[in-house]
Amino acid sequence: MSLIISVFTSLTDALLDVGEKLFQPKNVVITCSKSGKMTTSLVHYWRDKVLAPNALKKCLLLSDAWTGQSDEKIYKKVPGCKRLPIPKKTTDRLQPLDVFCNRKMKSIIRHAYDRVILAQLPISTSTRDNVCPLRMACQRLRRQSSRGLQNGR
């Protein structure tokens, strides 16, 4: 078993061209959306930029029950990919990334923001160039967590 160690991040921005303005690590795919919410077109973009290039011959995709990503036609373009939906209202207990990674990441991000605000540090927590390195640090934690998942810990 192996996990895809690649991150898809959609940032809120009226300008959809992230171009050269943004720090962009190799294993992070960054895009923007006007609303800041996931859309079906972003699911297609994720499929093409993250899932398809990294999927093995057989791929099991666990995803939540959101209707924008539940159409099986979306995954037909990834040979050998089988999608299993996580039942509604159980994501926080059953989705592996929520259980093993996102809780840690959210906690670290909250602590970092709190530290900046409480210490009145001269760091803008709203600029992408400051948010992306923080997400990279969280990505390192995800890798450690995924190793634990692969080793049965």
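The values are calculated or read from the model by the stated rules, or taken from the named source; none is laboratory data. Everything numeric in this text was worked out from a predicted model, so none of it was measured. Please note: Cβ atoms are built from the backbone with ideal geometry, for glycine as well, and neighbour counts cover all protein chains shown.
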Among the residues of segment 1-45, which ones are in a loop (DSSP other than H, G, I, E, B), within 19 Å of Leu62 (Cβ to Cβ) and at pLDDT 60 or above? Ile5, Ser6, Met38
If I ask for residues that are surrounded by fewer than 16 Cβ atoms within 10 Å (Cβ to Cβ) and modelled with pLDDT of 80 or more, which ones from segment 74-102 would you list? Lys76, Lys77, Pro79, Gly80, Lys82, Leu84, Pro85, Pro87, Lys88, Lys89, Thr90
Restricting attention to segment 35-52, which residues are touching a residue at least 40 places away in the same chain (Cβ under 8 Å) and surrounded by fewer than 16 Cβ atoms within 10 Å (Cβ to Cβ)? Lys49
Pairs under 9 Å by beta carbon, first residue within 12 Å of Ala65 (Cα to Cα) in segment 82-111, partner in a helix (DSSP H, G or I) and aliphatic (A, V, I, L, M), six or more apart or different chains? Arg83/Ile74; Ile86/Leu94; Pro87/Leu94
So how many residues does segment 35-89 have that are over 20 Å from Leu11 (Cβ atoms) and out of contact with any His (no Cβ under 7 Å at 6 or more places or on another chain)? 34
From the set of residues in segment 114-147 that are modelled with pLDDT of 80 or more and assigned to a helix (DSSP H, G or I), which is surrounded by the fewest Cβ atoms within 10 Å (Cβ to Cβ)? Leu118
Which numbered condition Met105 fails, given (1) crowded, with 16+ Cβ neighbours inside 10 Å; (2) modelled with pLDDT of 75 or more; (3) assigned to a helix (DSSP H, G or I); (4) aliphatic (A, V, I, L, M): (2)
Where Ala65 falls short, out of the listed (1) at pLDDT below 85; (2) assigned to a strand (DSSP E or B): (2)
